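FYI, it's all coordinate maths here, none of it is from the lab. Keep in mind that what you see is a predicted model, and the values were worked out from it rather than measured. In this analysis, Cβ positions are derived from the backbone assuming ideal geometry, glycine residues included, and neighbour counts consider all displayed protein chains.
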């Protein structure tokens, strides 16, 4: 998956956590960062969902750049729940994918 300038990547749950939040890890690389066309890896980040409040997991790149993204989400809650990955461009949210994860299951999206 690629993010363009001004597109932030968010995750949000369908329901509040019963016992535990879901955990996410994101890795990214900027593409076309200079005249050589090199791909520059970015530090990985990780965190937790916040119930039904969207959490920004990665900010979009600066103008003229593109960011390749890989996200892993694991449901550490005791019940199944849906997680949505979405972009947020100046407050306009657009769902990329939604998947229901049983307890202990992981999804990977790239």
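Descriptive notes on the structure:
- Contact order relative to length of the chain, as percent, for alpha carbon pairs under 8 angstrom and 6 or more apart: 36
- Between 49, 87, 98, the residue with the greatest mean-square fluctuation in the GNM of the chain (Cα pairs under 10 Å linked by springs) is 98.
- Springs join every pair of Cα atoms under 10 Å in this Gaussian network model of the chain, and among 99, 11, 57 the largest mean-square fluctuation is at 99.
- Working from label points 7 Å from Cα in the Cα-to-Cβ sense, the residue 95 to residue 53 distance is 2.2 nm.
- Its Kirkwood hydrodynamic radius, worked out from the mean inverse distance over all distinct Cα pairs, puts the chain at 14.3 Å.
- Taking the fewest neighbouring Cβ atoms within 10 Å as the starting point, the ordered list for 68, 90 is 90, 68.
- As a proxy for reagent exposure, 76, 105 were ordered by neighbouring Cβ count within 10 angstrom, fewest first; the result is 105, 76.
- Considering only 93, 67, 13, the Gaussian network model of the chain with Cα springs below 10 Å gives its largest mean-square fluctuation to 93.
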